[in-house]
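Q: Before anything else, here's the structure in question.
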Amino acid sequence: MATVASMIVSMLERADVDRTFSVSGESYLGLLDELEQRGSIDVVTCRHEGGAAMMAVADAKLTGRIGVCLVSRGPGASNAAIGIHAALHDNIPLLVLVGQVPRAHLRRDAFQEVDYAKFFNGTAKWTAEVIDPSRTADIVSRAIHVAQSGNPGPVVVALPEDVLNEDAGSQIPRTYRPALMAPDERGVDRTVELIRSAARPVMIVGEGVAAPDARDALLKTAESWSVPVMCSFRRHDLFPNAHPLFVGELGFFNSDKQMDLLRTSDLVLAVGTRLEDLTTHGYTFPASPQPSQALVHVYADPTAIGLNYVPDVALACHAKPFLLALAGRAVGARRSRSDWAENLKLCFEEVSTWTPARAPDGVVFGNVVAALSEHIQPSAVVSMDAGISAGLMYRYYKWTPPQILLTPIAGTMGWGIPGAVAAALRHPDRQVIAMVGDGGMLMNGMELAVAAERDLPIVIILANNASYAAIRVNLDRAFPRQRLATDLWNPDFRMIGRAFGCRTLAIDTEDQVVPILEEAFAGSRLTLVEVRTSLESVLPSAAASSAAQG
C-alpha cells in the first residue's frame, strides 16, 4: 500500500525532481512528513509563497525539468499566483501542489477554501483536485504531462488534507517524458528554397532555443547559412552578442531606423518563438496576419502557429532538430549577405553602445553596467528583477552563451533575489549575480534568509533611486514632472544586508564604482552592493531639458 502522499513523492522522484520550494502549512502536513521520511528531495523553506513559486520557475528554467512548489490553501495559493503567471508567460513547466480543506468541507465556504479551478482559470494550463485517493496516480501523471507538453506551463493540483494519508494503491506509473518532435521533411525542403533565394533574411529566436545544445545548433545554422539573428523579447543570452550575425533583441529598445530596415527583409525565420506582442512590436513586424515577407514559423506547439500569423511554412516541431536539419543542408549553399548583416549590426550598435555620463542626483547606473562587464564571468547566471537597472542591462550588456539571463518574460517584480537563490542552489559552481531595484528588493528580499541559511555566494547589485523608476519614466513621458505613487521611502538597505549576514558595500559616487565592484567580486560570499542611482538621468523630461539647453 502507498498513501497518497507516498505516491506523489514517488512520482516526483521518477520525474527527476530533486528539489521543491515551499512555505509550509497545516493543510499538507502528510506530504511534508513523507518528504522528510524519504529525504530524497531537497525541500527549500521559503518566506513567502510568491518567492517560493518564483524559485520553482527559475529552477525549471535552469534545468529544463518540471519545477515544483508546495503551498498551503487559500492565502498561500493566492500568494503563489504571481509565480504561476510567470510560468505561463515563460512557457515553463511548473507543478504547484496546494493544500486544501477536508473533502467534507469542500464548496461550503470553509476556512481558507478556494475553488482553484475557478481561481486559476486562464492562468494555469490545468487544475485538478484529488478527491478519490485511487486516482492519485492518474491525476499526478496527467499534471506532469500537461505541464511539459505543447506550450509548457503551470498546473495546479489541490490536495484535501484528509486525503494524504489514505491508500492510493500500489501501482506507480512510469513518468511521462516529452517526445521530441521532428520537422516535416517537406517543410525543411521549402525552407531551404526560401533561404537560398533570400537576399535579406533574418532569424528571430525564442524560448525554444534555450537549452545549451539548441543554442549550439542555432549558432551552427546561422553561420552555415549566413543568416542574421535577433532574439525575442528578453532572450538576449541565446546567441553570442558580439558575433557579426547577432543584430539585436526585439523589444523596448529598437529604434525607428532599426525597424524600418527590418521591414525591408524578404524572409523571416521564427524559430522557437510564439511571436508575441512585445517581440513583434504589437504585431507590426512581421505584420499580422499576412507579413510582407516570407515567414517560416517553427514552434513545438501547433496551436501557437497560425494564431496571429499566416506562415508560408509552418513546422510544429522542436527547434533543435529543425536547426540541425537546416544546417545539414547548407553544404555549398552559403551566399554572401555581408552588407545586409553589417547594416543590421550597425543599427543595433547605435542603440546598444553605452556612452559614459554623469548626473547631479546620484550614480548613473549605465556606468555601473559598463563596469560590471569586467566582472561577469563567462558561465555566470544573472537574475534580473524588473525596473530601470534591468532595462539598462538588457540594452547595453553584451551577453555570451553559456551565460544565462535569468528573468521572467512577464516582467515580474520581486524576481531578482528568488531567482538568484534558485540559481545558486542549482549551480554552486557558477557565479550568480542578482540585479534588483529598491522596489523589487522589498517585495521578495526576505528570501535572503534562504541565501544566508544555505551560505550562497550571491553578489547582489541593488539600485536605489527611491522610486518605482520604470513607472516614473512612463508617467513622466505622459505627464512631465508628475510623480504620484512612484516616490519611495526606503529603509537602510545596508543595515538590512548586514542583518542577513551579507558583506555590505556601497556606491554613492561615480569614483566608487570601479573599486567597490572589484571588492564585491573578490572572494566568494553573500554580498550586497547598494548603488545610490540617479533618477533624473533616466527621466524623459530631464533628457529633453538637457537637449534644449545644449
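The values are calculated or read from the model by the stated rules, or taken from the named source; none is laboratory data. Everything numeric in this text was worked out from a predicted model, so none of it was measured. Counting neighbours? That spans all protein chains shown, and the Cβs are built from the backbone with ideal geometry, glycine included.
Q: Anything in the stretch 1-27 that is within 16 Å of VAL98 (Cβ to Cβ) and more than 29 Å from the chain's Cα centre (by Cα)? List them, or say none.
A: Across the stretch 1-27, the qualifying residues are VAL4, ALA5, GLU26, SER27.
Q: Could you check, for the stretch 159-180, whether at least one of its residues is part of a strand (DSSP E or B), crowded, with 18+ Cβ neighbours inside 10 Å and in contact with an Asp or Glu (Cβ under 9 Å, 6 or more places away or on another chain)?
A: yes
Per-residue answers, yes or no, for (1) farther than 27 Å from GLU185 by Cβ; (2) in a loop (DSSP other than H, G, I, E, B); (3) charged (D, E, K, R):
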{"site": "ASN254", "(1), (2), (3)": "yes, yes, no"}
{"site": "ALA270", "(1), (2), (3)": "no, no, no"}
{"site": "THR273", "(1), (2), (3)": "no, yes, no"}
{"site": "THR280", "(1), (2), (3)": "yes, yes, no"}
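Q: Can you pull out the residues in the stretch 354-396 that are over 18 Å from PHE253 (Cα atoms) and without any contact (Cβ under 8 Å) to a residue 40 or more places away in the chain?
A: PRO356, SER373, PRO378
Q: Please indicate, with yes or no, whether at least one residue in the stretch 86-107 is assigned to a loop (DSSP other than H, G, I, E, B) and small (Gly, Ala, Ser). Working first, answer last.
A: Narrowing the stretch 86-107 to residues assigned to a loop (DSSP other than H, G, I, E, B): 91-93, 101-102, 106-107.
So of that shortlist, the ones also small (Gly, Ala, Ser) come out as none.
No: the stretch 86-107 contains no residue that is assigned to a loop (DSSP other than H, G, I, E, B) and small (Gly, Ala, Ser).
Q: Identify, please: which residue in the stretch 372-396 is over 15 Å from ALA58 (Cα atoms) and among the small types (Gly, Ala, Ser) and is, among those, modelled with the highest pLDDT? Before you say what the answer is, go through the steps one by one.
A: Within the stretch 372-396, the first condition is being over 15 Å from ALA58 (Cα atoms), and the residues that meet it are 372-379, 387-396.
So of that shortlist, the ones also among the small types (Gly, Ala, Ser) come out as 373, 379, 387, 389-391.
Working: SER373: 93, SER379: 96, GLY387: 85, SER389: 80, ALA390: 85, GLY391: 86.
Looking at residues that are over 15 Å from ALA58 (Cα atoms) and among the small types (Gly, Ala, Ser), I get SER379.
Q: Among the candidates GLY306, GLY282, which residue alone is out of contact with any helix residue (DSSP H, G or I) (no Cβ under 9 Å at 6 or more places or on another chain) and at pLDDT 95 or above?
A: Checking each option against the conditions leaves just GLY282.
Q: Right, next: Restricting attention to the stretch 127-141, does a residue exist that is of a type in the set (Ser, Thr, Tyr), more than 18 Å from VAL57 (Cβ to Cβ) and not assigned by TED's automatic domain parsing to the domain that holds VAL68?
A: no
Q: Looking at the stretch 350-400, which of its residues are assigned to a loop (DSSP other than H, G, I, E, B), buried (at least 19 other Cβ atoms within 10 Å of the Cβ) and of a type outside the set (Gly, Ala, Ser)?
A: VAL364, ILE376, ASP385, TYR397, TRP399
Residue-wise test of (1) under 27 Å from ALA80 (Cα atoms); (2) of a type outside the set (Gly, Ala, Ser).
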| position | (1), (2) |
| --- | --- |
| VAL140 | yes, yes |
| ASN151 | yes, yes |
| ALA158 | yes, no |
| VAL163 | yes, yes |
| THR175 | yes, yes |
| LEU180 | no, yes |
| ASP184 | no, yes |
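Q: While we're on this one: Out of ILE461, ILE496, ILE471, report the one residue that is on the phi < 0 side of the Ramachandran plot, among the β-branched types (Val, Ile, Thr) and at pLDDT below 95. Write out each step before concluding.
A: Values: ILE461 fails: at pLDDT below 95; ILE496 fails: at pLDDT below 95.
Going through ILE461, ILE496, ILE471 in turn, just one is on the phi < 0 side of the Ramachandran plot, among the β-branched types (Val, Ile, Thr) and at pLDDT below 95: ILE471.
Q: Suppose the filter is assigned to a helix (DSSP H, G or I), over 26 Å from the mean Cα position of the chain (by Cα) and not acidic (Asp, Glu); does ARG135 pass it? Please lay out each step first, then the result.
A: Working: assigned to a helix (DSSP H, G or I): yes; over 26 Å from the mean Cα position of the chain (by Cα): yes; not acidic (Asp, Glu): yes.
For ARG135, the condition - assigned to a helix (DSSP H, G or I), over 26 Å from the mean Cα position of the chain (by Cα) and not acidic (Asp, Glu) - is met.
Q: Mind listing just one residue for me: the one in the stretch 98-118 that is in contact with a Ser or Thr (Cβ under 8 Å, 6 or more places away or on another chain) and not polar (S, T, N, Q) and, of those, surrounded by the fewest Cβ atoms within 10 Å (Cβ to Cβ)?
A: This residue is ALA117.
Q: Let me ask another. Search the stretch 181-191 for residues being of a type in the set (A, V, I, L, M) and in contact with a Phe, Trp or Tyr (Cβ under 9 Å, 6 or more places away or on another chain), and hand back the single one that is surrounded by the fewest Cβ atoms within 10 Å (Cβ to Cβ).
A: ALA182
Q: If you don't mind, there's one more thing I want to ask. Any residue that is among the acidic types (Asp, Glu) and closer than 22 Å to ASP90 by Cα - is there at least one of those in the stretch 302-321?
A: Checking the stretch 302-321: not a single residue is among the acidic types (Asp, Glu) and closer than 22 Å to ASP90 by Cα.
Q: Residues to consider are GLY206, GLY248; find the one that is in contact with a helix residue (DSSP H, G or I) (Cβ under 7 Å, 6 or more places away or on another chain) and either surrounded by 21 or more Cβ atoms within 10 Å (Cβ to Cβ) or among the hydrophobic types (A, V, I, L, M, F, W, C) (or both).
A: None of the other options fit; the residue is GLY248.
Q: Name the residues in the stretch 11-60 that are outside any loop (DSSP other than H, G, I, E, B), more than 15 Å from ALA422 (Cβ to Cβ) and in contact with a Leu (Cβ under 9 Å, 6 or more places away or on another chain), would you? Walk me through it before giving the result.
A: Within the stretch 11-60, the first condition is being outside any loop (DSSP other than H, G, I, E, B), and the residues that meet it are 11-14, 19-22, 26-38, 42-45, 49-60.
Imposing the further condition that a residue be more than 15 Å from ALA422 (Cβ to Cβ) reduces the set to 11-14, 26-38.
Listed by number, the residues that qualify are LEU12, SER27, TYR28, LEU29, GLY30, LEU31, LEU32, ASP33, GLU34, LEU35.
Q: List, please: which pairs have Cβ atoms under 8 Å, are six or more places apart or on different chains, and start with a residue in the stretch 59-86 that is crowded, with 24+ Cβ neighbours inside 10 Å and end with one that is among the charged types (D, E, K, R) and assigned to a strand (DSSP E or B)?
A: Pairs that qualify, where the first residue is crowded, with 24+ Cβ neighbours inside 10 Å and the partner is among the charged types (D, E, K, R) and assigned to a strand (DSSP E or B), are ASP59/ARG19; VAL68/ARG19.
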